[in-house]
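Here the structure comes first, spelled out in structure tokens, and everything after it is commentary.
The values are calculated or read from the model by the stated rules, or taken from the named source; none is laboratory data. All values reported here derive from a predicted model rather than from experimental measurement. Neighbour counts run over all protein chains shown; Cβ positions are idealised from the backbone, glycine included. Surface accessibility is based on the protein's heavy atoms, side chains included, excluding ligands, DNA and RNA. Shrake-Rupley method; radii C 1.70, N 1.55, O 1.52, S 1.80 Å.
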Amino acid sequence: MKLETINEKFMRLATNKAKEGIKRGQTPFGACIAKDGEVISCVHNIVWEGVDITAHAEISAIREACKKLNTVDLSGCVIYSTCEPCPMCFSACHWARISKIVYGAQIEDAKKLGFNELTISNKELKKAGNCPIEIVGDILREENLELFKLWSVEGNRRIY
């Protein structure tokens, strides 16, 4: 039996949160922020629930983590996102000084489903902005792609 890596452990928490969101009529995205092996925040996308186009899972996770830690500096934190963060979310990670982004599906996967994505990869953004964030992609990619299928089956085809 293969041992679960730390990246897989926290990614599964984000994936499970995304599933909760899908059941609540939200889009198929989740994010978990951890520091020193402890969960700081773990949320799903709430764009439709909050009628807030900026309420992506990553943004909501950052907001919650900042409140919980009482700081806007999330240095040492890792964000686990079920899909590669969009440019807005990548920028928020940069401004929050998150140390590492770990994602599952790719931004191109969301675009293929009709999401209004700017298909600029995190690696391109990192290079263009000379950003120090470490980026690790394709963690549990297939499991995260399954979120898109579940979302389609649940009939939640509201996209933005």
Residue count for the range 103-120, restricted to those that are crowded, with 17+ Cβ neighbours inside 10 Å and among the polar types (S, T, N, Q)
1
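So, of the residues in the range 24-51 that are of a type in the set (D, E, K, R) and modelled with pLDDT of 95 or more, which turns out to be least open to solvent (accessible area, probe 1.4 Å)? Full working, then the answer.
Looking only at the range 24-51, we keep the residues that are of a type in the set (D, E, K, R), and these are 24, 35-36, 38, 49.
Of the ones still in play, those that are also modelled with pLDDT of 95 or more are 35-36, 38.
On the way: 35: 66, 36: 138, 38: 118 Å².
It comes out as 35.
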Checking residue 59 against (1) surrounded by 13 or more Cβ atoms within 10 Å (Cβ to Cβ); (2) at positive phi, which test does it fail?
(2)
Run residue 53 past the list (1) out of contact with any Asp or Glu (no Cβ under 8 Å at 6 or more places or on another chain); (2) farther than 20 Å from residue 13 by Cα; (3) without any contact (Cβ under 8 Å) to a residue 40 or more places away in the chain and report the number of the one that doesn't hold.
(3)
When residue 22 is run through (1) in contact (Cβ under 8 Å) with a residue 40 or more places away in the chain; (2) more than 12 Å from the chain's Cα centre (by Cα); (3) more than 21 Å from residue 153 (Cα to Cα), the failure sits at (3)
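Rundown of residues vs (1) more than 13 Å from the chain's Cα centre (by Cα); (2) within 19 Å of residue 15 (Cα to Cα), yes/no style:
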{"site": "44", "(1), (2)": "no, yes"}
{"site": "59", "(1), (2)": "no, yes"}
{"site": "64", "(1), (2)": "yes, yes"}
{"site": "68", "(1), (2)": "yes, no"}
{"site": "71", "(1), (2)": "yes, no"}
{"site": "75", "(1), (2)": "yes, no"}
Conditions: (1) open to solvent by less than 70 Å² (accessible area, probe 1.4 Å); (2) closer than 27 Å to residue 108 by Cβ; (3) of a type in the set (S, T, N, Q). Residue 71 meets all but one. Number of the miss?
(2)
